[in-house]
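Here the structure is laid out as structure tokens; the discussion comes afterwards.
All of the numbers you see were taken from the coordinates with simple rules; none came from a lab. On a predicted model such as this, the values are computed, not experimentally measured, just so you know. Neighbour counts run over all protein chains shown; Cβ positions are idealised from the backbone, glycine included.
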Amino acid sequence: MKKILAFAYLILFIAVSASFAAAPGRGSDGQPIVIKSNELQADTIARIATFLGKVVAKQGDITIHTDKLVVRYAEKGGDVEKVEAFGNVRIVQENRIGTARYAVYFTKSGKIVLSGSPKVIQGKDMVSGNEITYFVNEEKSVVTGTSDARVEAVIYPKGKGRNDAAQP
């Protein structure tokens, strides 16, 4: 049971990472969100902001790297509806890393989906599959597989007297 909870925490950092990107100007602890890219295209009529080329979005100790980040705003109120990351997606927080070719965060439903060889690693523990979905409001995750991309989890036991720093 503890391993399942630890895995849920692993997926949780993806939710936190995506939600900070989804709420420009509203960060944890009032920390600013800094997004760097080679180009920014803003379309106020379509309510879309697109960051292109070596995108790095950072807030506190969470950093998202991707080729393209698209933020879609609602027609009423201007709230963020959806954030999509395309190509070479890498989300880093301390010793946790999530990777995929595509990630999307649906703000209204609080759902994050990683696809395209998604993998989440914390320390030496790892989970991968065809798609990793995290439901932010319910604090649960689902990893699905296919015949070609089965779910795989590698979990190292945490035992008494174990010294992680001494492990290879």
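Assorted remarks:
- Sorted fewest first by neighbouring Cβ atoms within 10 angstrom, 34, 80, 56 come out as 34, 56, 80.
- Beyond 21 Å in Cα-Cα separation lie the following of the pairs 76/140; 68/124; 58/82: 76/140; 68/124.
- Candidate aspartates and glutamates - alpha carbon under 19 Å from residue 54, same-chain residues fewer than 8 apart omitted: 39, 67, 84
- By the count of other C-beta atoms within 10 Å, a proxy for reagent exposure, 43, 67 are ordered fewest to most as 43, 67.
- The phi torsions of region 70-86, fed into the Karplus equation with coefficients 6.51, -1.76 and 1.60 and a -60° offset, translate into couplings of 10, 10, 10, 9, 6, 5, 9, x, x, 5, 6, 8, 7, 10, 10, 10, 10 Hz, rounded to whole numbers, with Gly and Pro shown as x.
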